[in-house]
1. Report the Cα-based extents of the stretch 130-188 along its three principal axes, largest first, to the nearest Å.
2. For LYS278 and ILE38, what does the FRET efficiency come to when R0 = 30 Å and r is the distance between their Cβ atoms, rounded to the nearest 0.05?
3. Taking a ≥ b ≥ c as the square roots of the eigenvalues of the Cα gyration tensor of the stretch 11-96, is the shape rounded (a/c under 1.5), prolate (a/b larger than b/c) or oblate?
4. May I ask you to compute the full-extension gain from GLU287 to ARG103, defined as 0.36 nm times their residue separation minus their alpha-carbon distance, rounded to one decimal in nm?
5. Restricting everything to alpha-carbon atoms, can you work out Rg to Rh for the chain with a Kirkwood hydrodynamic radius?
6. Give the carbon-plus-sulfur fraction of the accessible surface of the chain in %, rounded to a whole number; probe 1.4 Å, heavy atoms of protein chains only.
7. Within 12 Å, Cβ to Cβ, of HIS276, how many net charges do the neighbouring residues add up to if Lys/Arg are +1 and Asp/Glu are -1?
8. Can you give the longest stretch of the chain with no exposed loop site, where a site means chymotrypsin sites (Phe, Trp or Tyr not before Pro) in a DSSP loop (not H, G, I, E or B) with at most 16 other C-beta atoms within 10 Å?
Amino acid sequence: MKHVFFINPAAGKGKGPELLKPLIEQYFKNPEDYKIIITECEGYAKEKARELAESGEEQRFFACGGDGTFFEVLNGAYGYPNVQLGIIPCGSGNDFLKFFSAREPFASIAAQVEGSTVPMDVIKVDDTYCINICSLGMDAVVADGMSRFKRWPLVSGGMAYKLSIVKTLLGKIGQRARIIIDGEDKGTFDCLFAVCANGPVYGGGYKSAPAANPMDGRLEWLIVEKISKLKILKFIKFYEKGLHENLPICHLGHCSVMEIEAEREEPINLDGEIVHKKKVRFELIREGIKFIIPKGIKLEGTEEALAKA
């Protein structure tokens, strides 16, 4: 089986390639068993993943970077049963991996190559696929603003995030949207957040959906009603720790499909990537990919999943 490593050159503060390449080359005895691809620009990993997947050869693709790198590799390889997907974290986020009890084995080349696979659910959004969390609301607005501020000279990622939060809080808070869950109209809300989750954590550590499990055949949905700006910071403390679910402003449950119809085009978060839509449909794809679980990672209750792999 061929092992392909898609390395984001910006990962690890620009040191991703120089740190990972020697480890990969040291592990593999036969150069024919692996391939290293340094992503050159946005969309490059997706294009190369699809090109390689189309060969039909049994392969393992490892996204070496952050959530954005995996997003591209997933969308390039999705639909090809000959491909297994894994993550080697060296980005700033890697929120999806916070579902697992340990992170260290994901950073080990040996543990990854010697690992097993489990069938993993994904979220389908039009012709795009996500592994973790999709949302509309303040979080998506902040992420959208952050991408704009990052284009400013001398503005770091952290500074761009802070500037975007300030800008968001100074502007209008809340998006008015109609929410439909599995065909049932839940009504129209002024949303602080509207979330559809396959994994529990996003946004650098916010536990928006503590019950979410990407192997249980369901998505978790959450609607947080708009609140005053003075109450937002207090709420965020609960939201970050996953203690918000019993608050009266929160509505939640599980589903297979969540549809959102906003009054106008709004920023929509897709695993950290931002698109602008007025209507969006999040649909569960059961066991959509084969996900690599590194050797040393123990998952409770996944014996059935491992048996299917």
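1. Reported extents, whole Å, longest axis first: 48, 29, 13.
2. On the way: r = 37 Å, r/R0 = 1.25.
Once the sixth-power term is evaluated, E becomes 0.20.
3. Oblate.
4. 64.0 nm
5. Taking Rh as the inverse mean 1/r over Cα pairs, Rg/Rh reads 0.97.
6. 51 percent
7. Numbers: positive: ARG264, LYS277, LYS278, LYS279; negative: ASP144, GLU265, GLU266, GLU273.
Neighbourhood net charge equals 0.
8. On the way: sites that count: PHE28, PHE100.
Segment 101-309 is the longest.
The values are calculated or read from the model by the stated rules, or taken from the named source; none is laboratory data. Just so it is clear, the model here is predicted, and its values are computed rather than measured. Because the Cβ atoms are built from the backbone with ideal geometry, glycine has one as well, and the counts that use them run over all protein chains shown. Ligands, DNA and RNA are excluded from the accessible area calculation, which covers all protein heavy atoms including side chains. Shrake-Rupley method; radii C 1.70, N 1.55, O 1.52, S 1.80 Å.
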